[in-house]
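Student: Here it is, the structure, as C-alpha cells.
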Amino acid sequence: MKKRMTISLFLAFSITLGLAQNTKPINSANQRTWVVLITPKTTKQYLDSIITTWKKDSIILKFSTLDYDSKGKLMKVKGSVEITSKGQHASGTFGPINKLEWLEIKLNDGLSVSIKGN
C-alpha cells in the first residue's frame, strides 16, 4: 500500500513538474531572440546561411530583392520574415530600401518582430 501511494505521489509530482516546464514564459528573459544586421558589406552567402539557420527555428526569412553593385556592395534590399511559435504566427516586411546603410531584423519567440533601418 505504501509503495502504491509513493508511486502515485511521484507520478503526480512528475506530471505537475512537466506541465510547469511547458508553460509560456512569464517575462522576456525566458524568450529566445534572433537578430541579423544587414549592411552594404553583407554577402549573399551570409544571408543564405541565416535563412538556413533560422528555418530550423521555424523562422522564414525571404528576400525578393538583393541588388549588388559591381564591387559586391549591397545596394537594395526587399523581403519578409515570418516566425511561428507555440501555434501562433507573426510576420513583417521590409523595403524596398534603396542605398542601404543598415537594416536590423529582430525576432523573439514571444512573437515579436522588429524591423529597423534606413
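Each reported figure results from applying straightforward, stated rules to the coordinates on display, with no laboratory input. Please read these numbers as outputs of a predicted model, since none were measured by experiment. Here Cβ is always computed from backbone atoms with ideal geometry, including for glycine, and neighbour counts include all displayed protein chains.
Student: Order the peptides 36-45, 101-110 from the highest to the lowest mean number of other Cβ atoms within 10 Å of their residues. The partial results should precede the final answer.
Tutor: Numbers: 36-45: 14.2, 101-110: 18.0.
Going from most to least packed, we get 101-110, 36-45.
Student: Short version: ³J(HN,Hα) in whole Hz for each residue of the stretch 48-58, in order, from phi by Karplus 6.51 cos²θ - 1.76 cosθ + 1.60 (θ = phi - 60°), x for Gly and Pro, what are they?
Tutor: 4, 5, 5, 4, 5, 5, 5, 4, 5, 9, 6
Student: Sticking with this structure for a sec: Contact order normalised by length for the stretch 28-117, with contacts defined as Cα pairs under 8 Å and 6 or more residues apart; what percent is it? Please list the in-between numbers first.
Tutor: Working: 172 pairs, mean separation 27.9, N = 90.
Here the relative contact order equals 31 percent.
Student: Go ahead and run the numbers for FRET between I50 and S91, Cβ-Cβ distance against an R0 of 22 Å, rounding to 0.05.
Tutor: 0.85
Student: Okay, moving on. So for the stretch 60-118, Kirkwood radius off the Cα pairs, Stokes-Einstein at 37 °C and 0.692 mPa s: how many µm² s⁻¹?
Tutor: Details: Rh = 12.3 Å.
Rounded to a whole number, D works out at 267 µm²/s.
Student: Another question, if that's okay. Residue-wise, which Karplus ³J(HN,Hα) couplings in Hz belong to the stretch 105-110, taking 6.51 cos²θ - 1.76 cosθ + 1.60, θ = phi - 60°, and x for glycine or proline?
Tutor: 10, 10, 9, 9, 7, x
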